[in-house]
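Coordinate-derived values only; no laboratory data. Because the structure is predicted, anything quoted here is derived from the model rather than measured. Reconstructed Cβ throughout: ideal geometry from the backbone, glycine too, with neighbour counts over all protein chains shown.
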Amino acid sequence: MKSTLSSETINLPFNYSSIKNDFVFLASGDDTQTSDGTWVIIQSNNVVLEQSTSGLTLPNGKLPDWLSPHQTPLCIGSWHDKPLRAISISGSQELQLPFVAATFNAVDDQLDIKTLTLAGLAKQILHWERQSRHCSLCGAETAPISASRGKLCISCGAEHFPHIHPCAIVLVKRGEELLLTRKAEWQPGRYSLVAGFLDLGESLEECAIREVREETGINITNVRYVGSQNWPFPAQLMAGFVADYDGGEIVIDYNELEDARWFPIDALPTLPPSRSIARWIIDNFK
Ligand SMILES: [Zn+2]
């Protein structure tokens, strides 16, 4: 196994390890600090950063009036012993320098791993907060459950906890070839691995087998787990697998994919950026 990237998936962006030494989670309702802190400002699929001589950083201290939050900021923890607060702003809000928008799905890895991970965590928590305002059983409002990110329905008493959606992502090998696929919305020429959401009644290995068969017509065997990555877009857990070809010809599901084909490992196309477990699996197991 090569180690051209972080040698373990726990070191990938969006997983907790990169921030664990300087970040402490605060549960709902714990923002009792009045001191200035650091901001994670989410704008659609971007994080708003401040341009300075030291590069692009999360904004600190008081925000300018035009950027001040209309809603109560959500304190998600402490970062270097100061509050880390998250807000969403409208996609139509125009930014003024030195504030700039950096996209989560940039073609290249332009953000450092800690910024990316903090921003992803904030995005995921803000998504859950939006989703959990009302009880899914009776429709009444919910209130935070102390010391957690859970919500309690104030009417029927049901408890709700963050929804995380498991996905299998799988590298399929046939000798010295890899099965890669592309979706129409990706940048031209870019290919990646087959991936899909876990279905009811499935193990993750069964999910990998089904997704490969449904999307490409290929049967796989010897499916082995290699690592996982938190993927906050909006709330997936990507479980990575490597598998061997076990028969079948490529039949593309054009509802899902634009293309699927076998690539020789010495002539691979444009691949996903290294922040993703897709690239980590390809680089480590090709
Ligand atoms: Zn309820």
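Quick check: residue separation of residue 145 and residue 184 times 0.36 nm, minus the Cα distance between them. What number comes out in nm?
So the chain would gain 9.8 nm between residue 145 and residue 184.
Take the alpha carbon gyration tensor of segment 81-123, find the square roots of its eigenvalues, order them as a ≥ b ≥ c, and report rounded if a/c is under 1.5; if not, report prolate when a/b exceeds b/c, else oblate. Let's see the in-between values first.
Values: a/c = 1.66, a/b = 1.07, b/c = 1.55.
Note, shape of segment 81-123 comes out oblate.
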Segment residue 35-residue 159, extension gain: residue separation times 0.36 nm, minus the distance between their alpha carbons:
41.4 nm
P(r), alpha carbons of the chain - 10 Å bins starting at zero, rounded %:
6, 25, 30, 23, 14, 3, 0
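If I take R0 = 51 Å and measure r between the Cβ atoms of residue 130 and residue 53 in this structure, what FRET efficiency does the formula 1/(1 + (r/R0)^6) give, to the nearest 0.05?
Values: r = 36 Å, r/R0 = 0.70.
It comes out at approximately 0.90.
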Of 20/183; 114/183; 20/62, which sit over 32 Å apart, Cα to Cα?
20/183
Placing each pseudo-label 7 Å from Cα in the direction of the beta carbon, residue 110 and residue 199 end up separated by a distance in nanometres of 3.9 nm
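Whole-Å semi-axes of segment 30-108's equivalent ellipsoid, largest first, each the root of 5 times a Cα gyration tensor eigenvalue?
20, 15, 13
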Restricting everything to alpha-carbon atoms, can you work out Rg to Rh for segment 33-188 with a Kirkwood hydrodynamic radius?
1.05
